[in-house]
Amino acid sequence: MRGMWTRSMPSPTTAGNVAHMARSSGWMRCLLGNFGLFSAPRTRTAMLVWLTPSHAWENEQDMDSHTATGFPQLIDSVRKVAAGVAAAQAPDVDARARFPIETLAALREDHVLAAAVPRELGGPGCNVQELSQLCAALAQACGSSAMVLAMHYIQLACLARHGMGSDYLRDYLRDLVRRQDLLASMTSEVGPSGDTRSSVCAVRRAGDRFQLDKDATTGSYCAHADAILVTCRKDEEAARSDQVLVLVRREDCTLTQTTSWDTLGMRGTCSPGFQLRSSGAVEQIVPGAFADCSAQTMVPYSHILWSALWWGIAAGAVAKAASFVRGQARQTPGTVPPTATRLAELQVQLQALKQNWLSAARDFDALGDDREELMGMGWALRLNNLKIASSEAAPRIVHQALQIVGILGYKNDSPFALGRHYRDALSGSLMISNDRIAAKNASMLLVYKDAA
Ligand SMILES: Cc1cc2nc3c(=O)[nH]c(=O)nc-3n(C[C@H](O)[C@H](O)[C@H](O)COP(=O)(O)OP(=O)(O)OC[C@H]3O[C@@H](n4cnc5c(N)ncnc54)[C@H](O)[C@@H]3O)c2cc1C
């Protein structure tokens, strides 16, 4: 399947929690001011709507008067969006493998997309502990939406931690607070595939402009993003591992879809392959080597935020199992159903998984400006272990939740359905293959002696 994406392509969507969306008249104006299909499944009525581009928000009055939102407000917003919009849309997002457009619009409206922008640039400056909690809260309702939010934050953190020496990137981040741009990522490439530290494509500089083309194997929500951070060789003579990260703005690129995204899970991330053709100003090249950005930011943020959201998916499944068990208990007052014991066992695993990512997030935040430690094997092993452990634990916990709920969890049309949680959780071990990570750990352990 091949198709050209252009920025004027409308995205069809179904109605979510309209009450939430209608909270702001500006929001409704924005909905109705752009053209696309908005169909409410219950009433079968249709409205014309086009939702995605953040540029549409630029002139909204409430955005002009924006002041940085703090973490307590952000977590409150995310919980409301999760319960009110994401949970309602998740089955349709999954069934149709479509982008969770309503959820992202609601997050944008509440300024959640700027959470990782430093305070000095007008953002809330959330640390990793806070970002993880935002992703975990959303994942309990919709794994795909949480993965989109996590991937966006990871890219944002790369800019915020490695682009502060560039006037261009500082201005970009300032504008992002106002516009609530959505950032996507292109690391995987035909050839090196999932080896993020290796690129075939190279950025070509001519004066103050660059050109960059990439054949990406997987590009989550690239067709819905306002910009994409792309890894590539730093020039055409550079070795495959001598990489830089480039901020490619949507208006400066064309994307040709090269593969489909009809997957087992994480269907709403809309992650087919793309051929990217782009150009821009050389200031869009993030200063410094990607090797540093990867070790100091991309890997730690990825493994911690992904673990948090995988925990969220597992917690969502356990919540369904708990509700099922309570229902059983109500039917036989005075007795504890046997499933309650299984539920108690499951809570142990859920708590262990949570403590693993929380402690990594706390220790990461405690490093402050000390980035040297992150270049060492101790942190690399710890983060790799976290990624492997949580991506294996999440589907195991969902599996056990399914054993508690039984056939009602197996049925797709039951309120206790667990199929989506199961399928979404299975993506974790593939998303940067656990085998690939384990192989890196194995070589490090040949020389790394601090087993503690
Ligand atoms: C939901 C989802 C969203 C994604 N979004 C994006 C995105 O937005 N941008 C992006 O760039 N990528 C994205 N990816 C791609 C992801 O980052 C990986 O690149 C991809 O999952 C790896 O593909 P692969 O299975 O071919 O693995 P590869 O790493 O290429 O491995 C292929 C096979 O070889 C094995 N293997 C590889 N190396 C070793 C080794 N050293 N030792 C032993 N076995 C090995 C693996 O186990 C696997 O079986 C996404 C993936 C998923 C699942």
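The values are calculated or read from the model by the stated rules, or taken from the named source; none is laboratory data. These figures come from a predicted structure and were not determined experimentally. No Cβ is skipped: glycine too gets one built from the backbone with ideal geometry, and neighbour counts run over all protein chains shown.
Residues of the range 404-416 that are within 21 Å of L350 (Cβ to Cβ) and loosely packed, with under 14 Cβ neighbours inside 10 Å: G406, P415. Residues in the range 426-452 that are closer than 22 Å to W310 by Cα and β-branched (V, I, T) were compared, and the one that is nearest to the ligand (Cβ to nearest atom) is I432.
How many residues are on the phi > 0 side of the Ramachandran plot and among the aliphatic types (A, V, I, L, M) if we restrict to the range 257-279? Give the derivation first.
As a first pass, look at the range 257-279 and keep what is on the phi > 0 side of the Ramachandran plot: 266, 270.
Next, from what is left, pick out any that are among the aliphatic types (A, V, I, L, M): 266.
Matching residues across the range 257-279 total 1.
May I ask you to say which residue of A202, A206 is modelled with pLDDT of 95 or more, out of contact with any Cys (no Cβ under 7 Å at 6 or more places or on another chain) and farther than 22 Å from A160 by Cα? Give the steps one after another, and end with the answer.
On the way: A202 fails: out of contact with any Cys (no Cβ under 7 Å at 6 or more places or on another chain).
Answer to the check: A206.
The set of residues in the range 360-394 that are hydrophobic (A, V, I, L, M, F, W, C) and over 18 Å from K449 (Cβ atoms) comprises A360, A361, F364, A366, L367, L374, L383, L386, I388, A389, A393, A394. Looking only at the range 154-194, count every residue that is under 23 Å from A223 (Cα atoms), surrounded by fewer than 17 Cβ atoms within 10 Å (Cβ to Cβ) and touching a residue at least 60 places away in the same chain (Cβ under 8 Å) and tell me the total. Count: 1. Here the condition is being under 22 Å from the mean Cα position of the chain (by Cα) and either more than 12 Å from the ligand (Cβ to nearest atom) or not in a loop (DSSP other than H, G, I, E, B) (or both); of Q211, Q275, it holds for Q275 alone.
Check whether at least one residue in the range 335-342 is in contact (Cβ under 8 Å) with a residue 12 or more places away in the chain, hydrophobic (A, V, I, L, M, F, W, C) and surrounded by fewer than 19 Cβ atoms within 10 Å (Cβ to Cβ), and report yes or no. Write out each step before concluding.
Taking the range 335-342 and keeping what is in contact (Cβ under 8 Å) with a residue 12 or more places away in the chain, we get 337, 339-340, 342.
With the extra rule that they be hydrophobic (A, V, I, L, M, F, W, C), the set shrinks to 340.
The next check asks that each one be surrounded by fewer than 19 Cβ atoms within 10 Å (Cβ to Cβ); those that pass are 340.
Within the range 335-342 (the criterion being in contact (Cβ under 8 Å) with a residue 12 or more places away in the chain, hydrophobic (A, V, I, L, M, F, W, C) and surrounded by fewer than 19 Cβ atoms within 10 Å (Cβ to Cβ)), the answer is yes, since at least one residue qualifies.
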